[in-house]
Every structure is written in C-alpha cells, then in structure tokens.
1. Any chance you could run the full-extension gain for residue 410 through residue 177? It's 0.36 nm times the residue separation minus the Cα-Cα distance, nm to one decimal.
2. Can you give the relative contact order of the range 257-345 as a percent, counting alpha carbon pairs under 8 Å and 6+ residues apart?
3. Just for the chain, what percent of DSSP beta bridges are antiparallel, to the closest 5?
4. What's the extension gain from residue 89 to residue 194 if we count 0.36 nm per residue and subtract their Cα-Cα distance?
5. Given q = 0.12, 0.16, 0.28 Å⁻¹, what are the Debye log10 I(q)/I(0) values for the range 63-126, with equal point scatterers placed on the Cα positions and solvent ignored?
6. Give the angle, between 0 and 90 degrees and rounded to the nearest 10, that separates the Cα long axis of helix 178-192 from the longest principal axis of the Cα atoms of the chain.
7. Would you mind checking the tilt of helix 446-456 against the longest principal axis of the Cα atoms of the chain, expressed as 0 to 90 degrees and rounded to 10?
8. How large is log10 of I(q)/I(0) for the range 1-160 at q = 0.14, 0.17, 0.19, 0.20 Å⁻¹ when the intensity is taken from the Debye formula with one equal scatterer per alpha-carbon?
Ligand SMILES: [Zn+2]
C-alpha cells in the first residue's frame, strides 16, 4: 500500500482498556470529544457533536421501534409543581432526596409553590392523563417523550454513566386491565433486546428487581443489566408495572363498558440513552479508542485522499464521486480534507471509532480500485470501485454482527454458582456474576441482601424472568430454606 504507512504514525490513543478501565474511559471521553467535564457544575456536561450525533442515531432507532409498536411522542414541561411530585407517598420517598428545586424568580421573589426539575415524569404526566382519559374508548393510551431528567446523584459522577442531567426516553402507558400491563412489560423487554442487543450490540440479562430495589411507587420493576469491562454491571432500560397505585394517587379513572368508574392500570419504561451510550463506549471500545457500531456512528465511512505529485485534483474528484455514490445509497460519509498525513488521519478516525475507512491514492485511481479498512478487526482489502456500494453495505452489517458477537462472547461463562460468602466474593473478584439461593426478594430479604453487600461488595440484582429456576439449598445469610435464585454482582 501507500508509502505513508512506513513512516512514523503519531499515536493518538493507546490505553489498555481491560487493565485500566477507569483511565481508559475518562481519556476516551476527552480525546474523542464525547463530553467535556470542565463545565463547572458537578454532574453536568456539554455533549459535543460526536456524542450527540451518535446518541441522536440511537434515539431515532428507539423511537422508530416505539412508534411501530403504537407509542406516540409527546413532550411535557421540565418543571413539576411540588404538590404533584409529593402525591404518591412511596414515589416521594424514593425521589425527593435527589430533586433540584426552583424556589424563586429574578431578584429573590418567592414562587407560590416550589417547582421540581423533573427527576422522572410520572407526577407531571398523570394529572393530565386523569383529564384526558374519560372512557374505555380512550384506552390503551401509549405515549412517550424524549427529554432530559435531573437527579442529584450523591456518588461520584462520570460522563454518560452517572450524570446529574441525562438524556432518555420515558414511555407512559395506560390500560384497562392488569393483564395488559403485564403484556406491555413483556413488550418493553422485547424492545430492549431488539434495540440494545440487536442494534447496539450490547448483550443484556433481564431481572425482576427485588422489592427494595424496585421503582418507588410501582408494583414490580424489570431491568436489563450489562457487564462493563471492570466486571461491574450497569442497569440499562428498566420497565415498571405500576399496578393501579399511581392511578389511585392521580385519579386516572375511566368509565368502563358497564358505565362504572374504575381505576386504570399503568406501566412506564425508561431507556436512558446517554447511559446506554456510555455502556456502548465501554463494551465495544478497544485500546485504540472507540469502535462504534455502523448503525450508530455519526460518520459511517471516512474517505482519506492520499495526495502525491500532480494527481491531487484527480484524487479529490475520485473521492468526491465515492462520497456521492455512498451518500446516494443513504450512508453517512465524510471526506477528510484537512492538512496532515494520511497516517495521522487513520489514527484519528480509528480513535473516533469510525467503522469503515476508504483510502484513495493515485494508484487506486488508475486501477479503478479503493482500499476499504474496517475498524473492528483493523483489516484492509482492495475492492473494485464498481462494487463500492455493495461492499460497504455488506461490511457495515458484518461489523455490527462482529462487535455484537465479541461482546456476547465475553458474556458467556459469566455466571458462576456460589452458595457461600467466600465463593460469592471470589466470583465477584473475577468480574463475574454469582448465582445464589436466597430466602426471598420480598422486603423481609433486605437484611440478608445488606449483609451480602457488606461482606462481598455485591448487590442482589434480582431473579431471572427469562429462565425458570428452582432453588435448592439455603440462604447464605439467614440460613432459611431458599425460595428463589438471585444473581449477585458489583454494580455502577
Ligand atoms: Zn436470607
């Protein structure tokens, strides 16, 4: 290939991700211009184009799936009156400690009522649902909004993974029966697998959370966890069976077919896109930087012209034709026209995670060829320019498949049976998840979970809902006969 390859290539990024994950993560956020932590307010960060464009692509995929499943978009105000926020007792207890309040206007003029910056929007939306829903004909009501929410996390903050303002979608649905709610919960879990695993390439394990770890005010929470390179799990989307608790608190009633006024049943679903993006960075990245899925990358293809001698104009024209062809086929393409050696540009776009690179020099031009480079495996191949569209399309699909397979391979063999504090701790030390007999995930089990946490650093993540499991043995903490199998992991 080109002679530039033999010259020194300035290293833009080179950190061992597996050995040094926290440094790797912090540095890639900085170097790839994903988030700038110098904003000056803890937990709040500006998102430059590279991360925002990636997250917008993620939002679009999620919204397309939600709308296909009959959820329609809407947008509610950012502020929630205190009297709304405090209507559902358990919900208040769970969320109020994290709420940012607006107390006054201008030069200290007090508001009549404090306003909360939404930490989540049940208490904003449901009072309006109680006005909008009148009869059984109005149900089901399936809506979602794309917005940011604000929570004053006390733990240390990290871009995307734990921020005080994060971007998400929240879906809020109302039904006539509890059975429909349960079906919606299953549909949400399908959506999670469809989007998070198939489109974003992030494998997940789905749990029913314990009663002490569920959404405040709901009946049950189901959540997807994935594993980060440091062996800790992180929660990705969760979906909540709210029962009729919120309907009772917010008076969401309807007239049924027998003309009786009854309470409705509700679910909500919250894929936190900024957090999922953080997990995507961590799961797919390697020592050279980001590896973005083809479906997500802001630029799917970068074209690098290699100028030599008096062929510059011809090379550029060739590159522009490549861009035109690929754009016409619906791809996101960029030609890197900056000053700088091709080698430096290769490094730069490898660090930024662009899935496909097209390299074009005078020789390619002469032979009607181009060199395709794939970021996931760092492999090159020379193709005929007439096959460009077909080759890029196939390569894009293969890259996404390959990233997903690599992530899933790391997920395999992750679960280890453990029934003592020693074996649980060993498992967690190895960055794995312990599968353990447990007394109960009802509230009575909380003290056992606390003791496990104290002694091993692991959290009870809940019970599997995708596999039937029969417990055998006793609870490691209280010694009572186990009624459930739980999964224990260190977590974010
Ligand atoms: Zn126990």
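We did not get these values from a lab; they are worked out from the coordinates using the rules stated. Treat the numbers as computed from the prediction; the structure is a model and nothing was measured. Positions of Cβ are generated from backbone atoms using ideal geometry, with glycine treated the same way; all protein chains shown enter the neighbour counts.
1. Values: separation 233, 0.36 × 233 = 83.88 nm, distance 4.04 nm.
Result for the pair: 79.8 nm of gain on full extension.
2. Values: 56 pairs, mean separation 22.0, N = 89.
Once divided by the residue count of the range 257-345, the mean separation gives 25 percent.
3. On the way: 65 of 80 bridges.
Taking every DSSP beta bridge with both residues in the chain, the antiparallel ones total about 80 percent.
4. Details: separation 105, 0.36 × 105 = 37.80 nm, distance 3.46 nm.
Gain on extension, residue 89 to residue 194, equals 34.3 nm.
5. -0.40, -0.62, -1.15
6. 20 degrees
7. The answer is roughly 40 degrees.
8. The Cα Debye sum returns log10 ratios of -1.00, -1.24, -1.33, -1.35.
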